[in-house]
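Have a look at the structure below, then the notes.
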Amino acid sequence: MIGITNIYPYLPHYRLKVESINKAWNRSPGKGERAIANFDEDVITMSVNTLSSVKKSWDDINFLIHATTSSPFIEESSSDLISYVLGINNNSINLNINQSLTSGTTALHVGFNLLKQYKKGLIITADRRDIQSGDEHEKVFGEGACAIEIGTENVLAKLEAFSSISDFGYDTWKLQDDVSVKKSDDKFANEVKLENLAAVGRELLVKSNLQPSDIEWIVVDDSQPKLAKTIGNRLGFTPEQQFKTSLSNEVGYLGVSSGFFYLNKLLLKAKNGERIMLLQSGSGADGYIFSVTENVESFKSENGLLTQISSKKVIENYNEALVRRGLQNTVELKPYATKTYLRRERENNLRLRAQKCKECGFIHFPERPNCHHCQSREKMEWQWLERSGTIVTFTHDHVFPGSIEPKTMVVIDLDGGGRIFTQMTDHSPEQVKIGNRVTLSFRKFHEGGDFPNYYWKATPALKGGDLI
Ligand SMILES: [Zn+2]
């Protein structure tokens with residue numbers, strides 16, 4: 001049996017109210033919120049953070065496919081970088097599928113085919129799509145990432161059928177030097193989308209030899225629920241079979257990840273034995289039929305989507321949101337950095353691995369040649385650091401250039417040993433107290449050397465959506 005074995009979503013901490021966007025442009029209020037990335041988040045960091053809190057090393061993974069339309073790199077492999085940070089064996093096959101909103105569903109198809117030869121893979125989808133400030137689609141676009149683990153054992157959603165329609169040139173596009181995504185007229189784009197989604201749905205029914213009555217749920221990824229309803233009706237699904245969710249109101253349209261977020265939400269409700277038709281539009285459309293297995297019950301108890309949706313901070317001020325997203329000109333900090341340094345320090349800075357003294361067990365971070373504690377000159381061993389800890393001390397820097405709140409520098413004692421000095425992020429100054437719990441999150445540190453430099457920052461720890 002092959003299929004999806006787990007889904008791990010990641011949403012940024014901040015939300016912008018549609019009302020705040022409309023107010024800035026003198027439009028009628030509107031409703032809903034959209035998830036927006038902080039200034040130190042891009043598709044690399046969000047992709048890493050889907051999985052970094054689950055476990056530190058994903059060394060049993062045979063392949064990783066990264067799917068996005070908004071990689072910070074035109075040349076440089078995002079999947080190889082993510083694979084390294086996640087501790088995946090360097091024999092794994094890493095692929096990048098970019099440039100289309102169906103990249104994620106296409107990546108899943110490629111992944112399922114790789115499972116004929118390999119046991120376990122990851123598809124990680126992420127998007128951080130900037131749109132021109134003032135464009136009416138600004139109120140639709142949201143940001144986030146999703147990791148889909150696939151394999152041959154412990155399957156949660158078994159693959160029954162896949163179908164794809166190829167098309168181009170009718171919806172969004174972005175040229176090499178563009179900052180923002182451009183979009184065609186909605187009416188025109190939606191007509192083509194509707195045709196493609198309905199065509200892929202019909203093809204799936206033929207391929208699988210199933211009737212709509214044999215399938216319990218249809219879920220259509222789209223920023224416009226009306227379109228999903230029309231497709232459901234056109235394919236012959238009853239209104240009860242059409243999965244409705246408030247996701248687009250809660251977080252916005254999440255680009256390549258959107259279909260998987262809908263699927264995740266549906267799997268929190270679906271029962272063993274039920275069939276699901278999933279349709280995603282992009283360059284054409286992709287469609288899947290899955291059947292849900294008994295493993296859905298443990299998925300329901302462990303999945304983090306609802307916590308991700310509810311753990312948030314709403315930004316009321318539109319301008320703050322632009323600054324936070326790095327879309328307003330602020331002072332840009334470019335400390336000295338080189339690729340050589342980035343590569344040499346990669347075990348410490350990207351994987352957050354420390355050196356443990358073989359004699360006395362003291363954990364050193366960053367690495368050093370001999371033990372600071374017992375002075376042993378024995379060779380030390382590498383150890384993964386925990387991604388959670390307690391604040392030992394901190395300082396708020398009010399003159400740090402470019403930041404919204406004061407830049408907070410913290411010293412953290414990590415659970416399981418090791419002490420690190422880093423910045424806080426996704427926080428307000430009053431959340432920082434000695435003894436408070438924090439979780440480490442992979443973030444962009446600065447743009448020194450003309451490339452994104454990544455490191456681990458501290459965020460206030462959450463339990464069940466509340467600060468602890
Ligand atoms: Zn020692």
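What follows draws every value from the coordinates through simple rules; no lab data is involved. Keep in mind the model is a prediction, meaning the values are calculated, not measured. Please note: Cβ atoms are built from the backbone with ideal geometry, for glycine as well, and neighbour counts cover all protein chains shown.
Values for this structure:
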item: Length-normalised contact order for the chain - Cα pairs under 8 Å, 6+ apart - percent; result: 17
item: Cys residues of the chain counted as unpaired, since no other Cys beta-carbon is under 4.7 Å; result: C146
item: Net charge dipole size for the chain [Lys, Arg +1 and Asp, Glu -1 on Cβ; Debye, nearest 20]; result: 680
item: Alpha carbon Rg of segment 49-163, scaled by the compact-globule rule 2.2 N^0.38 Å; result: 1.13
item: Simple label model, 7 Å out from Cα along Cβ direction - D450 to N89, nm; result: 3.8
item: Footprinting exposure proxy for L279, L322 (fewest neighbouring C-beta atoms within 10 Å first); result: L322, L279
item: Gain on full stretching of the segment that runs from S166 to T245 - 0.36 nm per residue minus C-alpha separation; result: 25.7 nm
item: Two-site FRET efficiency, N113 against N272, from Cβ-Cβ distance with R₀ of 30 Å, rounded to 0.05; result: 0.70
item: Sorted by Cβ density within 10 Å, fewest first, the residues Y336, Y454, Y288, Y341; result: Y336, Y341, Y454, Y288
item: Three-way shape call for segment 306-368 based on the alpha-carbon gyration tensor, with the a/c threshold at 1.5; result: oblate
item: Projected label distance in nm at V206 and D178, using a 7 Å step from Cα toward the beta-carbon; result: 3.3
item: Violating pairs (Cα-Cα greater than 21 angstrom) within the set K300/K457; K120/K271; K183/K207; K56/K356; K31/K226; result: K300/K457; K120/K271; K183/K207
item: Distance histogram in 10 Å bins (all Cα pairs of the chain, percent per bin); result: 4, 20, 30, 26, 14, 5, 1, 0
item: Selection of GluC sites (Glu not before Pro), segment 4-75, meeting DSSP coil and at most 12 other Cβ within 10 Å; result: E75
item: DSSP bridge orientation in segment 3-324 - percent antiparallel, rounded to nearest 5; result: 65
item: Gyration tensor verdict on segment 268-421 (Cα atoms; rounded if a/c is under 1.5, prolate if a/b is larger than b/c, oblate otherwise); result: oblate
item: Radius 10 Å from Cβ of R387, net charge of other residues (Lys, Arg +1; Asp, Glu -1); result: 0
item: Trypsin sites (Lys or Arg not before Pro) restricted to DSSP loop in segment 115-204 with at most 11 other C-beta within 10 Å; result: K116
item: Exposure proxy order (Cβ contacts within 10 Å, fewest to most) of T172, T393; result: T393, T172
item: Stretch gain in nm, segment K229-H372, where the contour uses 0.36 nm per residue and the Cα spacing is subtracted; result: 45.0 nm
